[in-house]
1. Residue check: is Ile94 buried (at least 19 other Cβ atoms within 10 Å of the Cβ) and among the aliphatic types (A, V, I, L, M)?
2. Quick one: is Arg309 of a type outside the set (S, T, N, Q), touching a Gly at 6+ places or on another chain (Cβ under 9 Å) and crowded, with 18+ Cβ neighbours inside 10 Å?
3. Taking the conditions exactly as written (in the same structural domain as Ser63 (by TED's automatic domain parsing) and in contact with a helix residue (DSSP H, G or I) (Cβ under 9 Å, 6 or more places away or on another chain)), does Val167 satisfy them or not?
4. For region 295-313, name all the residues that are under 24 Å from the mean Cα position of the chain (by Cα) and outside any loop (DSSP other than H, G, I, E, B).
5. Would you check which residues across region 187-230 are in contact (Cβ under 8 Å) with a residue 12 or more places away in the chain and charged (D, E, K, R) and list them?
6. Within region 287-298, identify whether any single residue is touching an Asp or Glu at 6+ places or on another chain (Cβ under 7 Å) and surrounded by 14 or more Cβ atoms within 10 Å (Cβ to Cβ), and answer yes or no.
7. Does Glu320 qualify as being on the phi < 0 side of the Ramachandran plot and either in contact (Cβ under 8 Å) with a residue 24 or more places away in the chain or in a helix (DSSP H, G or I) (or both)?
8. Go through region 153-177 and report how many residues are under 22 Å from Ser138 (Cβ atoms) and surrounded by fewer than 17 Cβ atoms within 10 Å (Cβ to Cβ).
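The values are calculated or read from the model by the stated rules, or taken from the named source; none is laboratory data. Note that this is a predicted model, so its numbers are computed, not measured. When we count neighbours, we look across all protein chains shown, and the Cβ atoms used for this are built from the backbone with ideal geometry, even at glycine.
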Amino acid sequence: MTQQLSATSIALKQAVFIGRDEDLEEAVRVSIMSKFQLERMDELPHVWPDSIDLVLVEYDGESKGILEKISQILTLSKGVSLYVLLKQKDADFIIEANHQGVQGFIECPNEIFHILSILHMQDRRRKGKNGNVSSLFSLKGGVGCTALATNIAAQISTMTENRTVLVDLNMPLGDTALYLNMENDRLYTITDFIYNLNRFDENLIYKSLSQHESGLYLLSLPSDIGELDNLNSEMIKTIISSLRKYFDHVVIDCSSDLSDVTLSCLDESDNIVLVTEPSLSSLRAVNAVIRLTQRLGYLQDSIKLIINRDTSNQDEMLEEVIDALEVDKVARVSNDYISFNESLKEGLLLKEFNPESKVNRQLNCIANMLHNGSINVEVKEDLQPIETKPWDEWLQLAKDMLKHLKSKVRQKTVGEAA
């Protein structure tokens, strides 16, 4: 049964905050609310609850007391994920906390609203994995796959502090450079990458790739189609494997076919993002791909579905078709042709052209789903998107969002009681 992702339909994990700064606690709550329910813990229990998945400890310079508390938590919990919220840097404290078993440190306020991204990447590294790979794919062309791939990659780039690369494999003539307004630049291409593959280290790879002004890196297709003749599935896998060593997220815009190159992208992907529009022909193509992924043994959890150009007046038959696809994670992008078209004309990403738009907020939620594993892809009309703001504005935003959510809970409770 297809489910719309929301915090009300999927159980949140449990996190606890240990500290005295109420403003910091509220900021943390907003940052992780799509995945964790946060509670304050004033005193350590004698028996540690098994339900707690994450502990966030505030550090404000009181080294001895915090280190003792960290030691007690790790002893009681036998290995719960524990991160320290650093309100000030202290090298001696960080070294000692590391020795005790702290899994990571989050600088406040700079990293406070990237907590989910930090947790996600730390978890992948502990499991011996590198960066995420998300392939956006549609067997039917013209559904807006490239526009979505470009704008979602830009959203993820902000979350990863520019450690995201967009790979154009929409052969033979990809349009990612057009959407990024880089078509007149001298771009580093896939064939250049293959030629220099054995020379890369962490410094060289960032200097070699083309970078958009937003910070997003781009690996484009060559202008000479003939250079693609020798590109095969094994090369594609090697390229993806190399990129994920250096980037937190690799986003791929795939061709609208089932060639060996496309299947190689899907083989290497953590997220197979199927893009469709609300039409029977497009949904039929999605169904064919889903059946193929089942035969190929791809994990069902890796399949995501984006309904692009979604309208509020969907008919019941189409909704039944979407439901019958049995994809657990479905996101919708509103039909906003004007914003996409005008942003393309202006040579701007949607988050720059119209950051307050509903579509931009939807793309931000999808980016969170792909990179952080967020379960919430619904956009509330009266909530504003999270942007880069001074710390005091962030705290006010956190308070406003919490007030809004508490109000919604009260309304629901009163309604149920009535």
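1. When the stated conditions are applied, Ile94 does not pass them.
2. Taking the combined requirement at face value, the residue satisfies it.
3. no
4. Within region 295-313, Gln300, Asp301, Ser302, Ile303, Lys304, Leu305, Ile306, Ile307, Asn308, Arg309, Asp310 meet the criteria.
5. Matches in region 187-230: Asp192, Glu202, Glu227.
6. Checking region 287-298: not a single residue is touching an Asp or Glu at 6+ places or on another chain (Cβ under 7 Å) and surrounded by 14 or more Cβ atoms within 10 Å (Cβ to Cβ).
7. Yes; evaluated as a whole, the condition is true for this residue.
8. Within region 153-177, residues that are under 22 Å from Ser138 (Cβ atoms) and surrounded by fewer than 17 Cβ atoms within 10 Å (Cβ to Cβ) number 2.
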